[in-house]
């Protein structure tokens, strides 16, 4: 077991073309800038998950070992944070498979069993409803090879103006290429 919140070191260098669907291609969360403070993937977030992602065929995959910072009941990852992990892997399906970013507009979640602290999890997502404005993804989070969580997420893909209205300010330059 490890106390580290992520499943491995970040990959550095140029990010792969999001339209190529190779097996086990790493994706770099720094594509949004080194100062990104996203709770799920931001390398600069002080207590975030610091997740790394990779493409595996038509899926995006991450591994994560939840530690005590993320527990609700003793020894169990907080259900809201399990859903945060699911939302992050779902968002990376949009980024890694479509080369866009989206904003979550709906979540349908099923917590099937407790996610245990200190035990690695594998999260997988894929596109299940492609679209030009609304995209649907599905997520599975497994621990010890057994599904602990399944969910479906819908994301809205925004153009630059829509993203800036949602964020109430200009988007970072590094985000421009991900706009609809």
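General remarks:
- Which numbered condition residue 75 fails, given (1) in contact with a strand residue (DSSP E or B) (Cβ under 7 Å, 6 or more places away or on another chain); (2) surrounded by fewer than 19 Cβ atoms within 10 Å (Cβ to Cβ); (3) within 18 Å of residue 138 (Cα to Cα); (4) modelled with pLDDT of 75 or more: (3)
- Filtered residue count, the stretch 49-72, keeping only those that are assigned to a strand (DSSP E or B) and over 18 Å from residue 140 (Cβ atoms): 1
- Scanning the stretch 134-159 for residues that are at pLDDT below 95 and surrounded by fewer than 18 Cβ atoms within 10 Å (Cβ to Cβ) yields a single hit, 159.
- Criterion violated by residue 46 - all others in (1) under 15 Å from the mean Cα position of the chain (by Cα); (2) not in a strand (DSSP E or B) satisfied: (1)
- Applying the condition of being without any contact (Cβ under 8 Å) to a residue 40 or more places away in the chain and touching a strand residue (DSSP E or B) at 6+ places or on another chain (Cβ under 8 Å) to the stretch 78-88 and asking which residue is nearest to residue 110 (Cα to Cα) yields 79.
- Against the criterion of being in contact (Cβ under 8 Å) with a residue 12 or more places away in the chain, outside any loop (DSSP other than H, G, I, E, B) and farther than 12 Å from residue 141 by Cα, residue 97 qualifies.
- Number of residues in the stretch 119-135 that are assigned to a loop (DSSP other than H, G, I, E, B) and under 18 Å from the mean Cα position of the chain (by Cα): the value is 2.
- Filter result for residue 111 (surrounded by 17 or more Cβ atoms within 10 Å (Cβ to Cβ), touching a helix residue (DSSP H, G or I) at 6+ places or on another chain (Cβ under 9 Å) and without any contact (Cβ under 8 Å) to a residue 40 or more places away in the chain): no
The values are calculated or read from the model by the stated rules, or taken from the named source; none is laboratory data. Bear in mind that the values here come from a model prediction, so they are computed numbers and not experimental data. Heads up, the Cβs are rebuilt from the backbone with ideal geometry, glycines too, and the neighbour counts pull from every protein chain shown.
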